[in-house]
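Participant: Dumping the structure here so I can ask a few things about it.
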Amino acid sequence: MVGDAAGMITPLCGNGMSMALHASKLVAEQVNLFLQDRVTRQQMEQHYTNLWQQQFAKRLKMGRVIQRSLVIHG
């Protein structure tokens, strides 16, 4: 999933549009490999998932933690 479909981006994570564009670049690279028959569909999907996790998982998790903290203490 790319952009908003990949998960909710809290305002504290940074520029959501920039993250969506970066994710689209990641997926486009993997689709290109698939279309060149260099990877299988399963490999393409797994590579994209791994790349997405590396790029965004920590950022999104930290944003959720901070947001919860501000709501509880705010």
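None of the figures in this text is laboratory data; all of them are computed from the coordinates on show. In this text the structure is predicted, and so the values were computed from the model without any measurement. Cβ: placed from backbone, ideal geometry, glycine included. Neighbour counts: every protein chain shown.
Participant: Find the residue count for the stretch 34-65, including only residues that are of a type in the set (A, V, I, L, M) and either part of a loop (DSSP other than H, G, I, E, B) or surrounded by 14 or more Cβ atoms within 10 Å (Cβ to Cβ) (or both). Spell out the reasoning first.
Facilitator: Step one: of the stretch 34-65, the residues of a type in the set (A, V, I, L, M) are 35, 39, 44, 51, 57, 60, 62, 65.
Next cut, either part of a loop (DSSP other than H, G, I, E, B) or surrounded by 14 or more Cβ atoms within 10 Å (Cβ to Cβ) (or both) only: 39, 44, 51, 60.
Selection size over the stretch 34-65: 4.
Participant: Could you give every pair whose Cβ atoms fall below 6 Å, whose first residue belongs to the stretch 53-70 and is free of Cβ contacts under 8 Å to residues at least 60 places away in the same chain, and whose second residue is assigned to a helix (DSSP H, G or I), counting only separations of at least 6 or pairs across chains?
Facilitator: Taking only residues 6 or more apart or on different chains, the pairs are Arg59/Cys13; Leu60/Cys13; Gly63/Leu12; Gly63/Cys13; Ile66/Leu12; Gln67/Leu12.
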